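Q: Before I ask anything, here is the structure I am working with.
The values are calculated or read from the model by the stated rules, or taken from the named source; none is laboratory data. Treat the numbers as computed from the prediction; the structure is a model and nothing was measured. Don't worry about glycine lacking a Cβ; one is built from the backbone with ideal geometry, like all the others, and counts go over all protein chains shown.
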Amino acid sequence: MKLTVLGNWGACPQAGEATAGLLLNVEDRIFLLDCGSGVLAQSGKFCSLGDFEAVFLTHYHHDHCADIGCLQYGSKFAQIYGMRREPLPIYAHDRSPRFADMTYGSFTFGYAVGPDTSVERAGLRVSFAETVHEQYNLAMRFEYGMTSLVYTGDMGPRSNIDDFCAGVDLLVCECCFLESEADETLGHMSTRDVGLLARRAGVRRLMLTHFPHGAEGMLWENDPERTRELRGRMAEEVRGYYDGPVLLAEIGKSIAMDNGQWTMDKADILQPVDQWTMETEKRGCSTE
Ligand SMILES: [Zn+2]
């Protein structure tokens with residue numbers, strides 16, 4: 001299993017970047033998890049339009065599915081020009097009228113999923129759990145061999161997914177607020193909420209994503225320095241509640257996991273995250 005970050009912003013992308021999107025490689029198959037704004041442009045750096053085995057959507061907020069329409073056009077071209085033969089499967093819940101849009105001619109096909117269903121494709125097993133969010137959202141657990149991964153999509157702290165996340169090799173969790181700005185009515189997680197979830201569930205590693213565009217009354221647009229500083233603070237706050245390795249999702253960076261073993265190139269995933277984060281990871285690995 002190899003996970004590549006295509007997008008890490010909540011709400012909207014900043015210059016040249018993308019909102020929610022992850023690429024999951026399992027052997028020679030490529031799965032797309034969420035397809036937010038800018039994700040398709042990022043995916044083109046790693047694979048072709050005809051390469052996707054399937055798409056999994058957590059919910060229908062724009063920052064998680066804005067590029068679905070363009071992906072459908074791309075899938076059409078992929079079929080017309082012989083890059084794929086079958087419709088691209090899009091797995092998503094059907095609690096919204098938007099589900100009907102997931103089927104587009106013979107090019108993409110929507111399959112309804114939910115907490116009572118599971119999917120198995122090419123040896124990858126996928127299960128789902130509802131979270132508490134402004135809109136119905138499905139957290140997703142991916143298992144292949146001995147390796148497991150949960151991607152939360154969007155959720156608030158009242159979500160009951162501790163058992164669903166229990167013991168996973170990697171929890172990719174949304175993180176929208178500093179601890180001082182926690183507001184559970186907004187259906188998003190603060191650093192404290194994320195750290196406590198990771199601790200309760202006993203996850204082996206944690207990756208923060210779905211980052212905010214500012215904090216403490218400030219909005220920062222296209223300001224990499226402040227963005228980096230804020231994310232560093234967020235990771236540090238999470239560390240106050242969770243002892244395992246904490247990573248910050250970086251667009252274009254990858255993690256490989258094989259039967260529970262961490263085989264990523266640390267310099268790759270963590271650069272340009274601060275040195276202290278790298279030290280955190282080393283400490284985490286040394287205890288395994
Ligand atoms: Zn979102």
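Q: Got at least one residue in segment 39-62 being more than 15 Å from the chain's Cα centre (by Cα) and either within 16 Å of the ligand (Cβ to nearest atom) or polar (S, T, N, Q) (or both)?
A: Looking for residues that are more than 15 Å from the chain's Cα centre (by Cα) and either within 16 Å of the ligand (Cβ to nearest atom) or polar (S, T, N, Q) (or both), one finds at least one in segment 39-62, hence yes.
Q: Do you know which residues across segment 14-25 are buried (at least 24 other Cβ atoms within 10 Å of the Cβ) and part of a loop (DSSP other than H, G, I, E, B)?
A: Listed by number, the residues that qualify are 18, 20.
Q: Here is a follow-up. For segment 197-227, name all the residues that are more than 20 Å from residue 14 (Cα to Cα), basic (Lys, Arg) and more than 17 Å from the chain's Cα centre (by Cα).
A: Passing the criteria: 199, 200.
Q: When residues of segment 1-22 are filtered for being in contact (Cβ under 8 Å) with a residue 60 or more places away in the chain and either of a type in the set (Lys, Arg) or away from the ligand (no atom under 16 Å from the Cβ) (or both), how many remain?
A: 5
Q: Would you pick out the residues in segment 183-196 that are without any contact (Cβ under 8 Å) to a residue 60 or more places away in the chain and within 16 Å of the chain's Cα centre (by Cα)?
A: Matches in segment 183-196: 189, 194.
Q: Within segment 81-98, identify whether any single residue is over 13 Å from residue 30 (Cβ atoms), surrounded by 20 or more Cβ atoms within 10 Å (Cβ to Cβ) and of a type in the set (S, T, N, Q), and answer yes or no.
A: no
Q: Right, here's the next one. If a residue must be assigned to a loop (DSSP other than H, G, I, E, B) and over 11 Å from residue 209 (Cβ atoms), how many such residues does segment 148-179 contain?
A: 12
Q: On to the next question. Can you name every residue in segment 48-74 that is at pLDDT 95 or above and of a type in the set (A, V, I, L, M, F, W, C)?
A: Answer for segment 48-74, where residues must be at pLDDT 95 or above and of a type in the set (A, V, I, L, M, F, W, C): 52, 54, 55, 56, 57, 65, 66, 68, 70, 71.
Q: So residue 62 passes all but one of these: (1) surrounded by 15 or more Cβ atoms within 10 Å (Cβ to Cβ); (2) touching a Cys at 6+ places or on another chain (Cβ under 9 Å). Which condition number does it fail?
A: Status for residue 62: all satisfied but (1).
Q: So, in segment 171-196, exactly how many residues are away from the ligand (no atom under 14 Å from the Cβ) and either buried (at least 24 other Cβ atoms within 10 Å of the Cβ) or of a type in the set (Val, Ile, Thr) (or both)?
A: Count: 7.
Q: Right, next: Looking at segment 56-127, what strands (runs of 3 or more DSSP E) fall wholly within it and have at least 1 residues that are of a type in the set (S, T, N, Q)?
A: In segment 56-127, 108-112, 118-121 are the strands (runs of 3 or more DSSP E) which contain 1 or more residues that are of a type in the set (S, T, N, Q).
Q: Any residue that is within 23 Å of residue 93 (Cβ to Cβ), crowded, with 17+ Cβ neighbours inside 10 Å and either touching a Pro at 6+ places or on another chain (Cβ under 9 Å) or modelled with pLDDT under 95 (or both) - is there at least one of those in segment 130-143?
A: yes
Q: So residue 39 ticks every box in (1) closer than 30 Å to residue 247 by Cα; (2) surrounded by fewer than 23 Cβ atoms within 10 Å (Cβ to Cβ); (3) β-branched (Val, Ile, Thr) but one. Which box is left unticked?
A: (2)
Q: State all residues of segment 23-38 that are within 16 Å of the ligand (Cβ to nearest atom), touching a residue at least 40 places away in the same chain (Cβ under 8 Å) and not charged (D, E, K, R); if no residue qualifies, say none.
A: 33
Q: Next question. I'd like the full set of residues that are over 28 Å from residue 145 (Cβ atoms) and either at pLDDT 95 or above or touching a Lys or Arg at 6+ places or on another chain (Cβ under 6 Å) (or both), limited to segment 240-278.
A: 240, 241
Q: Is one or more of the residues making up segment 213-225 within 20 Å of residue 133 (Cα to Cα) and either outside any loop (DSSP other than H, G, I, E, B) or among the polar types (S, T, N, Q) (or both)?
A: no
Q: List, please: which pairs have Cβ atoms under 6 Å, are six or more places apart or on different chains, and start with a residue in segment 218-240 that is exposed (fewer than 15 other Cβ atoms within 10 Å of the Cβ) and end with one that is at pLDDT 95 or above and not aromatic (Phe, Trp, Tyr)?
A: 219/213; 222/14; 222/15
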